[in-house]
1. Name the one entry in A:309, A:285 that is touching a strand residue (DSSP E or B) at 6+ places or on another chain (Cβ under 9 Å) and more than 24 Å from residue A:240 (Cα to Cα).
2. Any idea which residue in region A:288-307 is farthest from the other protein chains (Cβ to nearest Cβ), counting only those that are surrounded by fewer than 21 Cβ atoms within 10 Å (Cβ to Cβ) and in a helix (DSSP H, G or I)?
3. Is it the case that residue A:33 is surrounded by fewer than 23 Cβ atoms within 10 Å (Cβ to Cβ) and within 17 Å of residue A:76 (Cβ to Cβ)?
4. Any idea how many residues of region B:145-186 are outside any loop (DSSP other than H, G, I, E, B), within 15 Å of ligand 2 (Cβ to nearest atom) and within 14 Å of another protein chain (Cβ to nearest Cβ)?
5. Every residue in region B:103-134 that is within 18 Å of the chain's Cα centre (by Cα), outside any helix (DSSP H, G or I) and buried (at least 21 other Cβ atoms within 10 Å of the Cβ), please.
6. Using the structure shown, decide if residue B:137 is away from ligand 1 (no atom under 14 Å from the Cβ), open to solvent by 20 Å² or more (accessible area, probe 1.4 Å), within 17 Å of the chain's Cα centre (by Cα) and away from chain A (no Cβ under 14 Å).
7. Report, by residue number, each residue of region B:85-100 that is open to solvent by 10 Å² or more (accessible area, probe 1.4 Å) and under 25 Å from residue B:123 (Cβ atoms).
8. Just wondering, is there one or more residues in region B:198-208 that are over 14 Å from the mean Cα position of the chain (by Cα), away from ligand 2 (no atom under 11 Å from the Cβ) and at pLDDT 95 or above?
Amino acid sequence: MATMSYIQAITDALRTQLKNDDKTLVFGEDVGKNGGVFRATDGLQAEFGEDRVFDTPLAESGIIGLSTGLALQGFRPIPEIQFFGFVFEAMDQIAGQLSRTRYRTNGTVNVPVTIRSPFGGGTHTPEMHADSLEAMVASVPGLRVVTPSNPYDAKGLLISAIKNNDPVVFLENLKLYRSMKADVPEGEYEVPLDKANVVREGTDLTIIAYSAEVNESLKVAEKLEKEGKSVEVVDLRSLAPIDFETIVKSAEKTHRVLVVQEAQRLAGVASKVVSEISERAILSLDAPIGRVSAPDTIYPFGLAEDDWLPNAEDIEAKAREILEFN
Amino acid sequence: MSEVKFVDFVAKKNDLQDQAKPLQVVNGKGEIVNQEVFDKYSDEDLVKFMKLMVWERTLHQRSNALTRQGRLGFYAPTEGQEASEMGSQLAFKPSDFMLPAYRDIPQLIQHGLPIWKAFLWSRGHVLGNDYTDENVQALSPQIIIGAQYIETAGVALGIKKNKTEDTVAFTYTGDGGTSQGDFYEGINFAGAFQVPAVFFIQNNGYAISVPRRVQTAAVTLAQKGMAAGIPYVQVDGMDFLAVYETAKAAREYAAAGNGPVLIETLTFRFGPHTNAGDDPKRYRTPEEEQPWFDNDPLIRYRKLLTDKGLWSEDIENAYVDEVKEEIKDAVKKADEAPKQKISEFLENVFEVPTPEIAEQIKAFKAKEAK
Ligand SMILES: Cc1ncc(C[n+]2csc(CCOP(=O)(O)OP(=O)(O)O)c2C)c(N)n1
Ligand SMILES: [Mg+2]
């Protein structure tokens, strides 16, 4: 065990898999000598050499196309998109090419590519650096999408993503990079790619969230506990596929559900969760399912970020509304 | 059988070495290397050019300090690129349409954007992108590397279809930007439609930490114009007169209906990529940096103008004080900008709010009234 920040856990996962599998390759813009603009790949080029860890020309479509090509040659590429807002540049290579390769080849060709990328708001970045675009990739057939909310999951999920033979989009929360520390096991371990995690047990209300909003939700659960309300918090971890078993089980236990996402209301992860529960467990519910999300604008100008991002206060208000419904 | 080669790719690869030398008027020592071009300019012109570079250097120094004090937000340092930026922008008219990237704020200000609005853009305030009062002919600074290049082809095609006289579109990207698909699409579309556009590549040696050589095997970035069928040239980007003279010729050529031009300026970013934690020591050596610092465009012209009796430390200091005052006023004005409201952002999403958005506007207005 070692205490690691969220980003150190990511670096450690990369180091572990570079060591354990010589077919893994880490590349992207500034990931080599510079060790990434956030230092997620710090020291990896020095340790594993320029053959395994390298800088590419500045082109996201190129980076993903290169990954598919390398996978066809038996490699296990781990490309980085420097900020997830730049993923639009690569959407054909991701959604039009990479995600379709196995299907297109009658299930004969796997392309085990793990796309790492930071996303999420709250750090006052310029335009296109903080957008929550996970629903866009989560609605592409053939792609897995996972996002950890803590250092332990960060390392374990990334290792699982790299070892998995499907293409995986691995989303790292920018705000959590350095704001969170926890004990993380040394060496290789896995966190299953398609399992939600009940991070806090409760009986009166289920809050389902992912990434940084899990921590906001936990704050609310702790606060409400002091008033005798027992809140269960479920961390989705995987956005595609959604682990409907875990969320339905929790909904059937607490009979009240709130779904939280940082993304805009129109972006579909929370909607997908709500529809799964509606279809599978609506008769067990005592109140309408609630949603907390950002408003339907484009990501806000930096100075107004805090007024826009859903926070613990918004979650608490909605949680009370659902708890009080009868 | 003798070794007859129908095609010799080894020889062809060697042929790729572009022999072109960057255009120059005044060299790194402040010596005139092209007297004919130099003589086109009066003493007043030279002082004006010098002042533009000092203006940009001062804006940089103040912006740097303001970012550190938390009074500005996002800032991409421009120190070292004064000749490349001021020399190019000066060739254009306010009616020309500019498509800048994040490091082109000084040109955008010279093109008509008030400094206080540039500061609001940096802080993350929507008013920084509202160009209506000043009628600035520009798109707000591009964050997505390369996107502005293809949009420039579109603006220029619009200018052509509208038959707008004596007007061009011009844009900037960096060395890294030339690797994006949008870069190639932009110059290719511009060539295919023969539009009035001038494309600048400010090759400052690095894309964040990635050196120019990692971007491409091409010997120059300018030569990428060849495949698009458009004229291209590489210029000493530390030489104001060389950049200005080239940009003027390009504008004239494009405005006359001859089609687009691609210009690469060779320059250097003296400081970090942005003020958000980049440390050049991680990827550049002092040995590599020093010759570029010595090649400072201000040193070159300061020497030349001082020798001619046109410039002195006193003149420079007095002018710097003037610019600092201008910047101080801009900060004050930026501070007075109203607090942004989410309800107003919601109103800006569509021309007529959809029912869902109308509902959200109502909710946020209630929140904001508290
Ligand atoms: C599409 C896209 N990819 C990556 C980035 C992140 N990024 C910002 S600036 C930069 C380097 C750009 O280098 P260059 O084009 O040489 O311009 P310079 O910053 O040197 O002026 C990168 C990779 C971005 N803003 N947009
Ligand atoms: Mg550059």
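1. Working: A:309 fails: more than 24 Å from residue A:240 (Cα to Cα).
Checking each option against the conditions leaves just A:285.
2. A:306
3. On the way: surrounded by fewer than 23 Cβ atoms within 10 Å (Cβ to Cβ): yes; within 17 Å of residue A:76 (Cβ to Cβ): no.
Against the criterion (surrounded by fewer than 23 Cβ atoms within 10 Å (Cβ to Cβ) and within 17 Å of residue A:76 (Cβ to Cβ)), residue A:33 does not qualify.
4. Summing the residues that are outside any loop (DSSP other than H, G, I, E, B), within 15 Å of ligand 2 (Cβ to nearest atom) and within 14 Å of another protein chain (Cβ to nearest Cβ) in region B:145-186 gives 9.
5. If the condition is that a residue be within 18 Å of the chain's Cα centre (by Cα), outside any helix (DSSP H, G or I) and buried (at least 21 other Cβ atoms within 10 Å of the Cβ), then B:103, B:104, B:111, B:113 are the ones that fit.
6. Working: away from ligand 1 (no atom under 14 Å from the Cβ): yes; open to solvent by 20 Å² or more (accessible area, probe 1.4 Å): yes; within 17 Å of the chain's Cα centre (by Cα): yes; away from chain A (no Cβ under 14 Å): yes.
Here the answer is yes, as residue B:137 does meet what is asked.
7. The one that is open to solvent by 10 Å² or more (accessible area, probe 1.4 Å) and under 25 Å from residue B:123 (Cβ atoms): B:89.
8. For region B:198-208, residues over 14 Å from the mean Cα position of the chain (by Cα), away from ligand 2 (no atom under 11 Å from the Cβ) and at pLDDT 95 or above: absent.
The values are calculated or read from the model by the stated rules, or taken from the named source; none is laboratory data. Computed from a prediction, not measured in an experiment: that's the story for all the values here. As a convention, Cβ positions derive from the backbone with ideal geometry for all residues, glycine included, and neighbour counts pool all protein chains shown. Ligands, DNA and RNA are excluded from the accessible area calculation, which covers all protein heavy atoms including side chains. Shrake-Rupley method; radii C 1.70, N 1.55, O 1.52, S 1.80 Å.
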